[in-house]
Structures are given as structure tokens and as C-alpha cells.
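Okay, structure first, notes after.
Every number here is computed from the coordinates shown, using simple stated rules; none is lab data. Predicted model only: the values in this text are computed from it and were never measured. No Cβ is skipped: glycine too gets one built from the backbone with ideal geometry, and neighbour counts run over all protein chains shown.
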Amino acid sequence: MATLLLLTQGGCGVFRDIVPRETDEPEGHARIQDNGELIIVGFSQIGSESIWRTANTASVERALTKEKGYFLISDNARQKQENQIKAIRSYISQRVDYIVFSPITEDGWDTVLEEARDAGIPVILMDRMANVDESLYATRICTDVTKEGEKAARWLEGDLKEKNRLHDDINIVVLQGTLGSSSELERTAGFESIAAQHGNWHILDRQTGDFTTAKGKEVMEQFLKTYADIDVVVSQNDDMTFGAIEAIEEAGLTTGVGGDIIIISFDAVRDALKLVQAGKINVDIECNPEQGEYLDMVIQKLERGEPLEKVYMVEEMVFTQRNVSGYLESRTY
Ligand code: GYE
């Protein structure tokens with residue numbers, strides 16, 4: 001544990017609190033504070049692009065509290081890799097005990113993670129993957145996003161079979177998440193590995209909506225202008241789905257169970273599950289943001305010097321109108 005010294009990056013004279021802040025503070029205003037015996041964790045979050053992301057941040061904040069012996073320093077990178085790199089560098093110079101971060105995209109992390117390694121600070125990847133040598137991070141906590149993509153395609157197979165449309169031509173458009181992020185790459189790969197087995201599934205287009213409602217809507221509007229006969233929208237998160245549904249309804253079409261366009265979504269946040277219940281989203285593939293407890297578990301293992309798995313994956317489900325009711329009540333995000 002780094003017991004005595006903590007150099008804070010803010011110029012405000014107090015520790016940064018655990019709510020992610022923007023990274024527009026001046027650099028170099030280091031200051032020394034006595035931090036007792038707390039385990040100091042520097043957390044670089046991608047941003048607050050989605051409900052999922054906010055829930056993920058909250059989960060980390062709930063798990064790494066002072067009561068549990070942590071001092072959490074958080075930073076919101078506002079969707080910019082350069083901000084994440086800046087935050088990680090500042091955690092290195094503050095000599096935190098652990099660095100936790102969710103890489104916005106897969107590439108471009110070698111140098112900064114080598115710097116963390118040289119400083120002897122273990123790095124824990126959370127949620128998304130970085131394309132780096134395994135030796136540059138201690139472990140990874142995430143969801144199986146490839147499997148999520150596969151589950152989406154398997155659900156579509158089942159649905160088409162039930163409707164006796166297994167051999168019909170099926171036109172699909174894909175709203176992708178942030179390009180180059182592991183979530184986008186793996187959900188796309190997972191879905192398309194199965195789509196490729198169906199000669200009658202036609203992926204007409206795939207465009208990024210950056211995991212946001214506004215861009216999801218914009219891209220869907222374009223799809224609707226370009227393609228007259230869309231059967232299925234695969235939207236790689238719920239926030240984009242909300243925008244897509246708006247665009248579809250504004251175009252005078254309907255979505256979901258018995259509607260004109262089948263909607264496949266990912267994340268399964270409460271507002272989306274309500275739309276599953278209402279039949280506007282056909283299926284929502286859960287992506288579990290509650291990764292904070294795993295983080296606590298992993299850090300405690302590292303503190304005790306216990307061996308770690310290289311990856312810990314959280315559990316997830318698939319929600320349709322048939323099973324969603326039982327889960328809506330308990331959904332907190
Ligand atoms: O699906 C999306 C978020 O990386 C799995 O990022 C995560 C994705 C999640 O912004 O809503």
C-alpha cells in the first residue's frame with residue numbers, strides 16, 4: 001500500500017472526490033497529503049456516454065469506498081483516449097497503488113501501460129479490452145461481448161423459425177458502438193459469425209452511433225432514407241436503440257413484437273427493459289455493468305499476493321417479453 005504520499009492532480013487543495021470529474025484541471029499542481037492506510041486506486045473511466053456507463057461508474061464507486069479501505073480517484077475522459085492517457089499518467093506520478101481503466105478503443109496503450117509497469121503499479125482492465133501484451137495488465141474484469149453478439153444472432157434464428165421465416169430474405173442494419181472499441185468489435189464479430197451461416201441474412205449496412213441516443217437516431221434516419229426494406233436493426237446498446245426507435249416511429253413505421261422492424265438491443269437497462277415489456281424492443285442482450293465488486297475482490301487478492309485469473313467475466317441474461325417482467329422490479333439502473 002502507498003501509505004503516506006499522495007500527490008493530487010487537482011489544483012483545488014483537496015482530494016478529488018469519487019465522482020468522476022472532467023479532466024480540464026491544470027496539470028502539475030501536485031500536493032502531498034497523508035492518506036493513512038487506504039488503498040489508493042486511480043480509475044480512468046471512458047465517459048458518460050450511456051446509462052450503462054453511468055451504472056458501471058456507480059458500481060465502482062459503491063465497491064471502493066473509504067469504509068472498505070479504499071481511496072478512489074476518478075476521472076471522466078469524456079470519450080477521448082488522450083484524456084485517458086493523461087489521467088493514467090497522472091495516477092503514475094501520484095504513485096497510486098492500482099490503476100483501473102476501461103480502454104475506449106483497443107489500440108494505442110502500449111507506451112502508457114509500460115510506464116505503469118516500470119513504476120510497479122498493477123493495472124486492472126475493466127469492461128473493455130486493450131490490445132497489449134498480457135504482461136502489461138494484472139487482470140481483466142469484463143463481460144463476454146463476443147458471446148453477447150452470438151446470443152443476438154441465435155435469438156434471431158429462433159424468432160425467424162417461430163415465424164416460419166427462416167428461409168426468407170432478411171435485411172439487417174447494424175448500429176455499431178464506438179468504432180475500434182472491444183465492445184463494438186466483438187459484438188459485431190459475434191453476431192456476424194452466425195449471420196455468415198445464413199445466406200439469406202443480408203447485412204445492408206453498419207455505421208457507428210457511438211453508443212449515444214442522438215447519434216443512434218441520426219444514423220437510423222440515414223438508414224431509413226437509404227434502405228426501403230429493413231427487417232432487423234441490431235443496435236449495439238440501448239441508448240442508440242432509444243434514438244433508433246424514435247427515428248423509426250417518426251418515419252411512420254413500428255418496431256418490436258408484431259411491428260415492421262425487429263429490434264435487437266444490448267445492455268438491458270431499465271428503460272429498455274420497459275420497452276421490451278411493452279413489445280417495442282424484441283430482445284435485449286444483457287451486458288452487466290456491476291463490475292465493482294469484482295474489482296474489490298481482485299484488488300484484495302493482489303493485496304494478499306494471491307494468484308489471479310487473467311480474466312473475470314460477469315454473468316448475463318437475455319430478455320424478451322416472455323421473461324422480462326420478473327426482472328424489471330429489481331433493475332436499479
Ligand atoms: O454496451 C455501452 C457502453 O463497453 C460494454 O459501452 C460497454 C459498452 C456498453 O457505453 O452502453
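Of note:
- Scanning segment 202-222 for residues that are surrounded by fewer than 22 Cβ atoms within 10 Å (Cβ to Cβ) and in contact (Cβ under 8 Å) with a residue 40 or more places away in the chain returns a single hit, T212.
- Selected residue (criterion: nearest to the ligand (Cβ to nearest atom)) from residues of segment 46-87 that are of a type in the set (K, R) and within 15 Å of the chain's Cα centre (by Cα): R53
- Note on segment 284-333: among residues that are surrounded by fewer than 13 Cβ atoms within 10 Å (Cβ to Cβ) and of a type in the set (S, T, N, Q), the one that is nearest to the chain's Cα centre (by Cα) is T332.
- Counting only helices (runs of 4 or more DSSP H) that fall entirely inside segment 223-333 and contain at least 3 residues that are closer than 29 Å to I141 by Cα and hydrophobic (A, V, I, L, M, F, W, C), the qualifying elements are 270-277, 292-304.
- Residue satisfying all of: in segment 104-160; free of Cβ contacts under 8 Å to residues at least 12 places away in the same chain and over 18 Å from I88 (Cα atoms); farthest from the ligand (Cβ to nearest atom) among these: L160
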